[in-house]
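Colleague: Take a look at the following structure, please.
Every number in this text was worked out from the coordinates using simple rules, so none of it is lab data. Everything quoted here is computed from the prediction, not taken from an experiment. No Cβ is skipped: glycine too gets one built from the backbone with ideal geometry, and neighbour counts run over all protein chains shown.
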Amino acid sequence: MCFALITPALMAGAWVDRARFGWVVGFCALWGLIVYAPVAHWVWGGGWLATKFGTMDFAGGIVVHTTAGISALVVAMLLGKRAGFPKTLMLPHSPSLTMAGAALLWVGWFGFNGGSALAANDDAASAIINTHVAACVAALVWLAIEKVSVGKPTSVGFATGAIAGLATVTPAAGYIAPGAAMLFGALAAVVCYPMIQIVKQRLEIDDSLDVFAVHGVGGMLGSVLLAAFISESFGGIGYAQGMDLARQLVAQIAGVGIVALWSAFATVVCALMVSMVIPMRVTEDEEREGLDITSHGERAWEMD
């Protein structure tokens, strides 16, 4: 249930400043029933993706991050861009709060991935270690990329890189060795960093918090990499009976592909169904004034 709650919360970051609160509540409730719940049972607990294909997902690279990332992108496209995007530079409100939030998320991820072992045992410890080292490496590689590409490493970049590493290692956290987890983290930064530029600059899709580029792409990347690094040759737990690299790779790609397609289709259906009752987007005046006031009647900071 914790996973079911946090997955829509991931999506909501893609729609800031323009989604109507009532629509978000209705959509997330419907989405949890139509998208998240079926996918969770397809992959975990002997679901058909696991039994028929052999798809593996330790803690939610497919169930959580693929569904949330794809759905976030779809809704961002349905809602449209914020006023001024992409010409106006829209920086984070507070890098210090971003870092504090990332720190809380990082620690919480130990429960997210470690808890997926369903016991306080060696598997949980291994998952927590892999989670930590992947995030560390991803954050450092992200800073290096920022230094080379824009000249300055940033705190927001550090936080974004860490989260990319966390998302990427999630599907494999309990299956791989720490050395492989470090590689997962490095690849997370190398792949997710340019994906942000592609989504926002080339495609001009206003995914406000880069949910697709970081969580979605990271989760899908880790789910596919799992096929190779679960091998005992790389220190992993080894393939299940009857599986090898080729079969596991097909199983992971099939799982990611099927879930991505279902998430996209069902998200459009859920979004449009709820919009028939509650409009998706706030008015231009409400967006200009800010949703803190127009939707909730309060401000983050009262400076008067």
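Colleague: Around Met195, under 11 Å between beta carbons, what's the net of Lys plus Arg minus Asp minus Glu among the other residues? Please report the intermediate quantities before stating the final value.
Modeller: Values: positive: Lys200, Arg202; negative: Asp207, Asp210.
Result for the neighbourhood of Met195: 0.
Colleague: Excluding same-chain residues fewer than 8 positions from Lys147, which lysines have a Cα within less than 21 Å of its Cα?
Modeller: Straight-distance partners of Lys147: Lys200.
Colleague: Sticking with the crude label model, points 7 Å out along Cα→Cβ, report the distance from Ala264 to Ser94 in nm, one decimal please.
Modeller: Output for this residue pair reads 3.8 nm.
Colleague: If you don't mind, another one. Against the longest principal axis of the chain, how steep is helix 178-197, in degrees 0 to 90 to the nearest 10, with axes from Cα atoms?
Modeller: Once rounded, the angle reads 30 degrees.
Colleague: Next question. What does the extension gain come out to for Ser155 and Gln197, with contour length at 0.36 nm per residue minus their alpha carbon separation?
Modeller: This chain segment gains 13.3 nm when fully extended.
Colleague: So for Cys192, Cys2, fewest C-beta neighbours within 10 Å to most, what's the order? List each step's numbers first, then the result.
Modeller: Details: Cys192 28, Cys2 10.
Exposure proxy ranking, most exposed first: Cys2, Cys192.
Colleague: Taking the Cβ of Ala227 as the centre, find all other residues whose Cβ is under 13 Å away and add up their charges (Lys, Arg: +1; Asp, Glu: -1). Don't skip to the answer; put the middle values down first.
Modeller: Numbers: positive: Arg247; negative: Asp57, Asp244.
With Lys, Arg at +1 and Asp, Glu at -1, the net is -1.
Colleague: Right, next: Semi-axes of the equivalent ellipsoid of the chain: what are they in whole Å, largest first, if each equals the square root of 5 times a C-alpha gyration tensor eigenvalue? Kindly include the intermediate steps, with their values, before the conclusion.
Modeller: Details: eigenvalues 209, 106, 55 Å².
Each semi-axis is √(5λ); the values are 32, 23, 17 Å.
Colleague: A further question on this structure: Where is the GNM fluctuation largest for the chain (alpha-carbon springs, 10 angstrom cutoff): Val107, Val250, Val150?
Modeller: The residue that fluctuates most here is Val150.
Colleague: Per residue of the chain, what 222 nm ellipticity follows from adding -39500 (n - 2.57) for every DSSP H run with n ≥ 4, rounded to the nearest 500? The partial results should precede the final answer.
Modeller: On the way: 12 runs with 182 residues, N = 304.
Here the helix-only value at 222 nm equals -19500 deg cm²/dmol.
Colleague: About the Cα centre of the chain, how large is the charge dipole given +1 on each Lys and Arg Cβ and -1 on each Asp and Glu Cβ? Please answer in debye to the nearest 20.
Modeller: Values: 14 positive and 20 negative charges, 116 e Å.
That gives the chain a dipole magnitude of about 560 debye.
Colleague: A further question on this structure: Output the Kirkwood hydrodynamic radius of the range 128-172, Cα pairs only, in Å rounded to one decimal. Walk me through the numbers before you get to the answer.
Modeller: Values: mean 1/r = 0.0973 Å⁻¹.
Here the Kirkwood hydrodynamic radius works out to 10.3 Å.
Colleague: How big is the range 52-133 on each of its three principal axes, counting only the C-alpha atoms and giving the largest first in Å?
Modeller: So the extents along the principal axes, rounded to whole Å, are 51, 40, 16.
Colleague: How many nm separate the modelled label positions at Leu291 and Leu5, each set 7 Å beyond the Cα in the direction of the Cβ?
Modeller: For Leu291 paired with Leu5, the spin-label model returns 2.0 nm.
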